[in-house]
Every structure is written in C-alpha cells, then in structure tokens.
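Chemist: This is the structure, below, for whatever I ask next.
Derivation of every value follows stated rules applied to the coordinates shown; laboratory data play no part. Quantities reported herein were computed from a predicted structural model and do not represent experimental measurements.
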Ligand code: GLN
C-alpha cells in the first residue's frame, strides 16, 4: 500500500490516529478538506458548507485532543452528510426545491451520534430529490458527476456522498438506503458502503421517503472505515423513532480480522441470470474466487422472487412516499407559492412548483395504489409478496451465512441515458431491492473494473443484525486484494 502523503489519502482509521498523535490538528484537517471540496465544485457533490460551524467543531475536537483524555473514536475526522439528514447549522433540502434554504431546529440522531464521537461536519451532500432515484439526476440542484468519468452518473440517491468520498473530498459520508441508495452509488463510484438492518440506525431527522424501508449508513473507502462510522451511527432511539431496535450499539470493528475459513457464502442463481452485464459478472466472479482462497465455501442458493421485488417495491415505496410527502403543503414549512386564489389553489401551486417530476410521479402512483378499489389489488398484494421475499431469505440462510452477488446489473451509465425512462431506471434496482424489502443488512464492496474502466461493486447481504460478519468478510477481502485502493485520475 502507498504511504499516505496528503491528508486526503488517509483512511478514516489512519486519520484518526494522526489526529490522536497530534501530527495534524482537527482545524488543519477541516481546512484542507473544505478547500479540496470547494476546488472540486465541478462534481456537484456538495450543496452547503458552513465554514464557521465546521471550524468551531474542529476547535472543540482539538481541545479534547489536547486534553488527551477523550475516547471518542472519530475525534477531528471530517464527515459530510447526505442532505436528507436535517441539520441546525447547515441547510437541509433533501435535494428538493420544496425545502430550499430550510434549516431545522434540531440535528438528526445520526448526525448527533457522529458528532458525539468527535466527527466534524464538513457540509451537506447532493442527492436525488427526497432520495428518489438511482442516478442523482433527480436533484433540484443539478446532477452529480462520477469522479471516474464526469460524463457518467455517480449512482443514487446518495450520489453526492459516493462521489465526494471517491474523489477524496471527505474521508467518509453518511447516506440513506431505501432500495439501494447506499450500495448502488458506492458500487458506481468504487467505494465501500453499508446499509444496516432496518431499525439499527435512527430515522429521526431523516426526511422520510418510505418509512418501512429507509435506513441510514456510511460510505467510505474501506470496510474498516465503514465499521468505525457505523458503530458511531447506530443505537437505540426509542423515544424518537418507533421502529428503532432496542439493541445496544455495537463495536463493529472488533471482529474485522476474524478468519473466514468455513464461512458459507450463498450465490443466488437469480442474481447471475439474463440481464447481468458480462463485465459485472466477470468482476464479481473474480471476487468470489478470492473468497474461496480465503477458505470460504460457496453455496448455490435460490431467491425465487427476486424479479418480483421491482413491482413490489415500486408499489410500497410510492405508497409510503405519497403519505409522507403530504406534509409539504405550503402551510407548515417549506416552499409556498407566491400567488394563489383559495386554499386548494395554494396547495396545488405550492406542490406543482416545489416537487420535481419523479416525486410527482411517485405521489400519483402511491395515491393510486392506496385508493379505494385498488388497495387490495396492489398495495395489499405487494405487502404479501414482500413477506414472501423475506421468507425466501430465511430459507436461504439455512444453507449459508452470507449472500453475495452484483450490486447493479451494469456499471454507471452516461448522464441523461435513463433520465427520460423511469422504468429503465427502476429495473436497474433489481439486486438491491430484495434486501431492502426484507429489512436485511447489505453492503457494496469494490471488486475491480468493468466496461469503460468503470468500477464494479459486489453486494454482500447478511441475515438480521449480522453487520459484523458482513464487515468482517469485506475487510478480509480488502486485506487480500487492492481493488479498494484504486483512485480516479485527477483526485
Ligand atoms: N433507486 C431506488 C428508488 O428510486 C432506491 C432509492 C433509495 O434507496 N433511496 O426508489
């Protein structure tokens, strides 16, 4: 491995040590990353900075570091947040015009938890509007570009998070994953990301898209860094999130080095069928071979309802979104139309102006599938199949400890390629949706390059609460290979 020469070359783990040994101060670190992020504004990754707030946090980290008694794991490490997390010192737009300039009176729990471990907030990151999308082209604030090839999308909806980490504008970032939005952009940008078990990380202060699916998680360059971040982010928040799990925070980094000898990784036939691009297949299969060298046993399994996850997700997620987004009425907060007649006219104009096309499409689909006469045919049916998808995983986990496959059927596509074809974009979510519907933890690990030298990610899915095992498997792979060390030209 190359010796880090510049601050942005350090991983989170390495940077935390440099800070602790006082080789560099938190203020210098924050200034370095702020400058670098501003210098690479062409990527469109950041939506907001607040230099004063960032430096203030860095100064208190330095004070704690100087005292030498602090135990916080991320003391002085800059982290940027997807703009779906509400923040007091930064705007929180959720990528929507509806929330242009919005500042929350409180910080999201995930933000609070990371700050409690000493992380310094560098800024807010671009994302698809209300996290709806797979390419970051649905943001009201413009698209994000993929640092590996700026004519291509970074993936979505956490596209700003993935691009910023891949371009080393920040050592790590938060994201949210409803149907793949951490795993798929991590895969498209050649970095590592993990979505924990539903309920592990609090949803309090995360602008809601589909509440039964939304989960927060980290994006970073290594599995080790993801473990450090995830340990800080997770934990019960029972008073504020009714679906928060009452399970104490874990130290996911503790089992990173465990041996993989005898581990059984299930390989679902449905993830390697027609529709999977040959380059992606080759990269994922090469990574599976590496696992065999590490003593892993590959087990053929089947997830028979994989295909159904697309229609099921695109009924349930819009249904929940249509309900969640009803709060944006121009009365309580957010955008309000400037000129209107009566109340109904005010609602109509406010929502027509404030929401983008994809959000409107989903509100209409969601309202339709929940309406009298269609509820049983669509929504109820989708809920039943969702249960069956979850059951299929439980069957599979009788034969294996983890499941591996591709994250997405292809590498990152060109900007604009799917923007006029929502169904083409929905279909590309096929491999990430099943774990989301089942509430299982899943991650993306870089496994080399495919067509046009674009990164390929391998997905690892674990049984409920098996994040430690996932991170352990990803870390051991990263110890044995160097795919995660590749960096985009010019960054
Ligand atoms: N691409 C999926 C969608 O558009 C997933 C998005 C997400 O996980 N937030 O809904």
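Chemist: Where both partners of a DSSP beta bridge lie in the chain, what percent of those bridges are antiparallel, to the nearest 5? Mind showing how you got there, number by number?
Modeler: Values: 27 of 40 bridges.
For the chain, the DSSP antiparallel bridge percentage is about 70.
Chemist: Radius of gyration and Dmax for the chain's Cα atoms, expressed in Å?
Modeler: 21.2, 70
Chemist: Run the Debye formula on the Cα coordinates of region 219-293, all scatterers equal and no solvent, and tell me log10 I(q)/I(0) at q = 0.20, 0.21, 0.23 1/Å.
Modeler: Cα-only, vacuum Debye calculation for region 219-293: -1.00, -1.01, -1.05.
Chemist: Which percent of the Cα-Cα distances in region 80-181 go past 22 Å?
Modeler: On the way: 1210 of 5151 pairs.
Value for region 80-181 (Cα pairs over 22 Å): 23 percent.
Chemist: Based on the Kirkwood radius over alpha-carbon pairs, what value in µm²/s does the Stokes-Einstein equation return for the translational diffusion coefficient of region 176-333 at 4 °C and 1.567 mPa s?
Modeler: Details: Rh = 18.2 Å.
In µm²/s, the coefficient rounds to 71.
Chemist: Let me ask something additional. Quote the Stokes-Einstein diffusion coefficient, in whole µm² s⁻¹, for region 190-238, based on the Kirkwood radius over alpha carbon pairs, a temperature of 20 °C and a viscosity of 1.002 mPa s.
Modeler: Numbers: Rh = 11.4 Å.
The calculation lands on 189 µm²/s.
Chemist: Per residue and in Å³, how big is the convex hull formed by the alpha-carbon atoms of region 121-225? Could the numbers behind the result be given before it?
Modeler: Working: hull volume 9.5 nm³, N = 105.
Per residue, the Cα convex hull of region 121-225 comes to 91 Å³.
Chemist: Considering the Cα trace of region 254-407, what is its radius of gyration and what is Dmax, both in angstroms?
Modeler: That works out to 22.5, 70 Å for Rg and Dmax.
Chemist: Now a separate question. Run lengths n ≥ 4 of DSSP H only: what is the helix-derived mean residue ellipticity at 222 nm for the chain, with -39500 (n - 2.57) per run over all residues, to the nearest 500? Walk me through the intermediate numbers first.
Modeler: Working: 15 runs with 173 residues, N = 491.
Value at 222 nm, helices only: -11000 deg cm²/dmol.
Chemist: Let me ask something additional. So what is the relative contact order of region 152-226, in percent, for Cα pairs below 8 Å that sit 6 or more residues apart?
Modeler: Numbers: 152 pairs, mean separation 26.6, N = 75.
In percent, rounded to a whole number, it is 35.
Chemist: For region 165-300, calculate the relative contact order in percent as a whole number, restricting contacts to Cα pairs under 8 Å that are 6 or more residues apart. Intermediate results must be reported in sequence, preceding the final value.
Modeler: On the way: 203 pairs, mean separation 27.0, N = 136.
Relative contact order comes out at 20 percent.
Chemist: With the cut-off at 19 Å, report for region 368-491 the share of all Cα pairs above it, as a whole percent. Write out the running numbers ahead of the final one.
Modeler: Values: 4695 of 7626 pairs.
Value for region 368-491: 62 percent of Cα pairs lie more than 19 Å apart.
Chemist: Considering the convex hull of the alpha carbon atoms of region 1-90, report its projected area averaged over all viewing directions, in nm², one decimal.
Modeler: 6.7 nm²
Chemist: May I ask you to derive the relative contact order of region 332-491, considering only C-alpha pairs under 8 Å and at least 6 residues apart, and to give it as an integer percent? Mind showing how you got there, number by number?
Modeler: Details: 141 pairs, mean separation 28.7, N = 160.
The normalised contact order for region 332-491 reaches 18 percent.
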